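Here's the structure, in structure tokens; my notes come after.
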Amino acid sequence: MNRSSYNTTFEGKVVILTGAGSGMGKALAAMLQEAGAIVFAVDVNEDGLSSLTKSDNLICVSLDVTDAEAYQGFVDEVIRDHGNIDYLFNNAGVTLLSDAVDISSDQWKALLDVNIMGVCNGIAAVYPQMVKARKGHIINTSSIAAVTGYATAAPYTCSKAFVVGLTRSLRPEAKQHNVDVSLVCPGYVNTNIFTADRIIGADLDKVFSRMPFKFISSEKAADYILAGVSRRKKKIIFPFSSKFLWFLSHWAPFMLAPFQRGFLKPFREGKSPS
Amino acid sequence: MSSTLVITGASSGIGRALALELAQPGMTLCLLARRREELEILAKEIEERGAIAVVVPIDLSVRGQLQDFLDKQLESTPVIDEVYHCAASSSFGAVDQFSAKDWSELYKVNILSATDVISVLYRQMAAQGHGRLVLVSSLAGCTGYPMATPYTAMKEGVIGIYRSLRHETSYYGVKLHLVIPGFVKTSIYEKAMYRGCNESSTMESIAKLGFPMISSEQAAIAIREGIERGKACIIFPFYARILTFIAPWMPFVLALFYRKILASYRGSDSS
């Protein structure tokens, strides 16, 4: 990836980046800051924010994206101080791996509140401003799992499919107002999105050993994203295996069935259907 | 047949038509929706067909109500055999017109109601070791539909659930179906959330697209027949099957529709 290709794209631009405290968000924050953007790094986790490299053009914002009112208040402040917002990275997301029968209503809601309503709140607060300014770019992070499906990740794929649908319909609308919308579909990225407390009913190591593709680093992922964003690409799908999966899930989804069975195995050990 | 069926969104549209289509002597149909009066009228029609109707006036977007219903229902019928999740609420208008509160309202009706159906009713059927879960999405969820973006995105969310869940349910003896209807003439258009546009301009815009609307009775028949044929994914009418097939491969075809939709709304703005 050629970093200089986007170096000037983000210079002096006002960026709101959610989920900036860890994983891809953290890598994006660092790289955007390096590229000269004014980055508002949003995260609910203050420890994550404090781990970011401080500088004049990186502003840490401790904010829960599910809190619509606080989100709006924060965006109003940014507008007041900087006039407009050039980029919104809807990056914050959580996951949960479990057989759906073991997921409670509250666990579904907790995940979807962040992954769906967090995005909605961002769009509701920022997009009207972009329409008014007749410029801006919204980058929605989904996952390749949204199109392939992912046994043991029904809430997550629900939320990420929502993001795919949102991007698809919003893009032609936004184009009329000179606002861009991009979809990001990463494959496995090495972030803290998979941790033991995000897995119900199986052993973390066993789940990991079943993952069929190699993880790429957050830095590599952020590089793919920024290169795609600077070229105003409609879909940013990476790494190559994800492009292949996108293709398979549309043409030959049955070929993914063995993977799906593999995902379920560690969750079904020692379990018997009633 | 003494099976017990649960139908959400039963007071109107596809849910109501489906209740009438499926009702058979000896069956118990639990009719879930917000409006009691409509459900009671439907219950009479169902009882005329020899089935038992249970009127359940609940709001699926209020947490816990579905669980309360299930606990109570299991006292009179030992199992739940089939669940048809039809409840939904549509939206029309440009995205910049939707407040966070609007999004949240649509999220409760279109997403959280579906996930509650899974965490309460699917879990029950999985514990029984048999059952059938039918989730109704929308053609718009497959193709995208500018000016109906929040609804469309949430319907794609429901498809996302299906994509993952379909690998999980057979282990527990539960059959899972996804329904993708094209345009169906129901009160969903009357009750939709309109922002910066209205029902008549929306109906005009849909008419301009040129896709015929089928009745909810026709939709109910298509769903029943699809299930009888053992189809996991039930798409109708025919043009919906063509569109879902070409959607991933010829996005430029969809772009033509998007342009038409956007132009028709722009036209109504200026007039």
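The values are calculated or read from the model by the stated rules, or taken from the named source; none is laboratory data. Just so you know, these numbers come straight off a predicted model, no measurement behind them. Here Cβ is always computed from backbone atoms with ideal geometry, including for glycine, and neighbour counts include all displayed protein chains. With ligands, DNA and RNA removed, areas are computed over all heavy atoms of the protein, side chains included. Shrake-Rupley method; radii C 1.70, N 1.55, O 1.52, S 1.80 Å.
At-a-glance table
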{"read-out": "Shielding score for B:89-95, defined as the mean number of other chain Cβ atoms within 10 Å", "value": "3"}
{"read-out": "Degrees, to the nearest 10: A:23-34 long Cα axis against longest axis of chain A", "value": "20 degrees"}
{"read-out": "Burial order of peptide ranges B:246-255, B:16-25 (average beta-carbon count within 10 Å, highest first)", "value": "B:16-25, B:246-255"}
{"read-out": "Whole-number Å³ per residue for the convex hull built on Cα positions in chain A", "value": "125 Å³"}
{"read-out": "Kyte-Doolittle at least 0.0, axis length at least 27 Å by Cα - qualifying DSSP helices, chain B", "value": "B:251-270"}
{"read-out": "Solvent-accessible surface (1.4 angstrom probe) belonging to residue A:184, in square angstrom, nearest 10", "value": "0 Å²"}
{"read-out": "Degrees between helix A:154-175 axis and first principal axis of chain A (Cα, 0 to 90, nearest 10)", "value": "30 degrees"}
{"read-out": "Full-stretch length increase - residue A:196, residue A:11 - with 0.36 nm per residue and alpha-carbon distance subtracted", "value": "62.7 nm"}
{"read-out": "Loop-located trypsin sites (Lys or Arg not before Pro) in the stretch B:21-117, at most 16 other Cβ atoms within 10 Å (DSSP)", "value": "B:34, B:35, B:49, B:63"}
{"read-out": "Pairwise FRET efficiency - residue A:243 versus residue A:203, Cβ, R0 = 25 Å, nearest 0.05", "value": "0.20"}
{"read-out": "Computed label-point distance, nm, for sites residue A:178 and residue A:134 using a 7 Å Cα→Cβ extension", "value": "0.4 nm"}
{"read-out": "Percent of beta bridges antiparallel (DSSP, the stretch A:4-120, rounded to nearest 5)", "value": "5 percent"}
{"read-out": "Förster-model FRET efficiency, 41 Å R0, residue B:58 and residue B:194, C-beta, rounded to 0.05", "value": "0.95"}
{"read-out": "Non-local Lys pairs in the stretch B:136-271, i.e. 8 or more apart or on different chains, that have alpha carbons under 20 Å apart", "value": "6"}
{"read-out": "Förster radius 30 Å - calculated FRET efficiency between residue A:55 and residue A:211 (Cβ-Cβ, nearest 0.05)", "value": "0.25"}
{"read-out": "Cross-link table A:160/B:101; A:220/A:243; A:109/A:243, entries beyond 19 Å C-alpha to C-alpha", "value": "A:160/B:101; A:109/A:243"}
{"read-out": "Shielding by other protein chains, A:64-71, mean Cβ within 10 Å", "value": "1"}
{"read-out": "Added length on full extension, which subtracts the Cα-Cα distance from 0.36 nm per residue, residue A:106 to residue A:234", "value": "42.7 nm"}
